[in-house]
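The next block holds one structure in the form of structure tokens; read it before the comments.
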Amino acid sequence: LKLKVLHVGCHAGRVWEDSHVSSAKVTALAQTLREGAGAATDIVKAVYTGVLRRAADPGGLEVYRGVLLSGEMSEDALWAWLTKSDEYKELMGHASRHNHMLALISDLSLKADQCTGRPAPDPGYWCRRGEGFPKLVFEYVNALGFSLCSAPQAVQTYPSALPTVFDAIRKAEGAYEEHLQRFPTTEEVSKEAARVIGDGAGGEAALVERLLNSDERRALERESKEKDPIRGDHAARLRDLIRRFVPNSHPALQDASLPLDSMDLRNLQLLWNEHGPVIEGQKRSSIQTWDSQDGVVPIGMYVCNRPEYLKQVLSALRNVKHIEKSFLIVSMDQATDEMLTTVLSADFCPLRIIFHPEPKGLAWGIGGKLHSILAVKRHWRFLLQQIFTGTPALARYNREILLLEEDHRPTPDLMITLPALIRLKNDGERCEACWAVFLKWGCMREDQEDDVNKACRVKWFTNTGVSFNRTIFNQIEKSTFDEFRDGWDWSVYHLIQTQQLLPCQPSCVPHMVAPAVARISNIGTHGVTVKEEDAQSLEQLKFHTVGDDAVEKGYDGSKVYLAEYFGHSGATDENLFFGFEDGHLKPT
């Protein structure tokens, strides 16, 4: 018996190797193989692992076990068959790109002395450990990595041509995100960026036309059209909301180019977002300006159609001490009757409802996972922009906000603990380069912490219950956040790595502040990145909080302290990350 094993190169210049392992090396496996179906099952599993680098799916396992048992195919024939599959070809392409980018990291003369102007402590590092990587390094290697797949003359690497290459990549990625509502694959970016350059001035327009006339776009339009009855129902709910809270005499209704009943869902969303009022006690509020009292901060929530979670979170917020002093901004993707009724029940503090506008010509909730990741990222960005630039009552507010999802259930001490953590964050002497707070646990070992007053300063980035101020929002606005091909959290990680999050980088290392014991529990067992059938993702949700009785036991936040700094790594220490498809690459 011979089993083939596929080795993945782990340093620059190494390629995928196809080699045989002798019978002597697999004696242990051979001895355990049973006759008949058992042996065939093990062979199929081994070949899948060797060729496709994954476990065999149930359908493939059943089919190939059958052909092995019938004698129609040998193990070698199965190996050869799978190496002809589209999945294997895509895997090989990714490995080649990965190794090519590793070689670029090794070969480029972008060494540590170019990071800060200081002499390089170690020529093997681009930057001193803990400084991250200059944005140009990321763009340079990313652009050259894309050139591998198509390698047209126009995308070959000449320093003077790099701005053109960067621009073509941005145009290709932007076109896919706007017209197909998803991130493009590496191969698509490489091919289309090359065509944009080759087509000259009309390259971008030609790309847009190709995408709009593609089978994928037509499928999205058909899927959107199938949702027309649902969208029509959402539009009706939104018209009711406008009539309830925006007077007929309002200039927005008097001057509208179309009657309210003739507006489509997107235009209704835009109208409400601009003219919808702050609501208090389910009535139009006269509030003009909101400011913080006792350190209480505004809360921004971005929610999808998961009312079962939203109800629990709003119920928990109602029990938060000092919640009446907060200001809740809820951004919704969909205006279902149940979601609107649930949000309007939040009468415990001033409320602003906004709607993440639909893309032109398409509906929310279509496409696959990459569509969903991009949609959530756009929604997160939209909420930030609405809080800091689109909410008149917060126009002069520059301090911290808190961002929650509809499955982030807070503990009642939320608005006692958060102001205390923010005070620690803003102590420049004790908390240098601290840019944000998060409310999940943040000390060394979650399972060993029970001190409700303890907080830690950490280099890692966590996306649960994040709180930061207008300065950080402004940094995100002028960064390459939108261009990065991954979700909002990994895009923030990218900004930390590429020295874009804080003006003091690379001379400083961004840190966050967090409690030793969490003040938020994540109750969502189904969503974009968490599935009920995925045990690993569910395991990440299992962490304890202070519970609902901390305030009753006398906790008041006055004794919250910053613990001694413990050694750990963070984004600036870790290998350069290139997004959902490539992951981390290791400089050599």
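The values are calculated or read from the model by the stated rules, or taken from the named source; none is laboratory data. Remember, it's a predicted structure, so these values are computed and weren't measured experimentally. So basically every Cβ, Gly included, is an ideal-geometry build from the backbone, and we count neighbours across all protein chains shown. Please note that ligands, DNA and RNA were not included when accessible areas were found on the heavy atoms of the full protein model with its side chains. Shrake-Rupley method; radii C 1.70, N 1.55, O 1.52, S 1.80 Å.
Say R0 is 56 Å: what FRET efficiency, to the nearest 0.05, do residue 287 and residue 447 get from their beta-carbon distance?
E between residue 287 and residue 447, to the nearest 0.05, is 0.80.
Would you kindly state how much longer the chain becomes between residue 90 and residue 216 on full extension, computed as 0.36 nm times their sequence separation minus their alpha carbon distance, in nm to one decimal?
So the chain would gain 43.4 nm between residue 90 and residue 216.
In what sequence, highest mean first, do 514-521, 60-67, 248-255 appear when ranked by Cβ atoms within 10 angstrom?
514-521, 60-67, 248-255
Would you please calculate the Kirkwood hydrodynamic radius of segment 382-441 over all C-alpha pairs and express it in Å, rounded to one decimal?
Kirkwood hydrodynamic radius for segment 382-441: 13.4 Å.
Highest first, please rank the peptides 572-580, 223-231 by the mean number of other Cβ atoms sitting within 10 Å of their residues.
Final packing ranking: 572-580, 223-231.
With a 10 Å radius around each residue's Cβ, average the other Cβ atoms per peptide and rank 282-292, 191-201, highest first.
So the order, starting with the most tightly packed, is 191-201, 282-292.
For residue 503, what charge total do you get from the other residues with a beta carbon under 15 Å from its beta carbon, if Lys and Arg give +1 and Asp and Glu give -1?
0
Straight-line reach from residue 325: which aspartates and glutamates have Cα under 17 Å away, leaving out those fewer than 8 places along the same chain?
By straight Cα distance, residue 325 reaches 280, 291, 294, 347, 400, 413, 556.
Residue separation times 0.36 nm, minus the C-alpha to C-alpha distance between residue 261 and residue 63: what's the value? Don't skip to the answer; put the middle values down first.
Values: separation 198, 0.36 × 198 = 71.28 nm, distance 5.54 nm.
So the extension gain works out to 65.7 nm.
Grab the other residues whose beta carbon is less than 12 angstrom from that of residue 520, score K and R as +1, D and E as -1, and report the net.
That sum, taken over residues with Cβ under 12 Å, equals 0.
Counting only protein heavy atoms and using a 1.4 Å probe, what share of the accessible area of segment 359-411 belongs to carbon plus sulfur, as a whole percent?
Of all accessible area on segment 359-411, carbon and sulfur atoms account for 50 percent.
On a full-extension model of 0.36 nm per residue, what is the gain between residue 72 and residue 504, subtracting their alpha-carbon distance, rounded to one decimal in nm?
Going from the current span to full extension adds 149.0 nm.
Efficiency by 1/(1 + (r/R0)^6): what FRET value for residue 248 and residue 336, r their Cβ-Cβ distance, R0 = 35 Å, to the nearest 0.05?
E(calc), rounded to 0.05, equals 0.85.
Enumerate the whole-percent occupancy of each 10 Å bin, from 0 to the last occupied one, for all C-alpha pair distances of segment 305-413.
12, 43, 36, 9, 0
For segment 387-492, what percent of Cα pairs sit more than 20 Å apart?
Here the long-distance tail beyond 20 Å is 47 percent of all Cα pairs in segment 387-492.
Note the per residue figure in Å³ for the convex hull of the C-alpha positions in segment 308-362.
75
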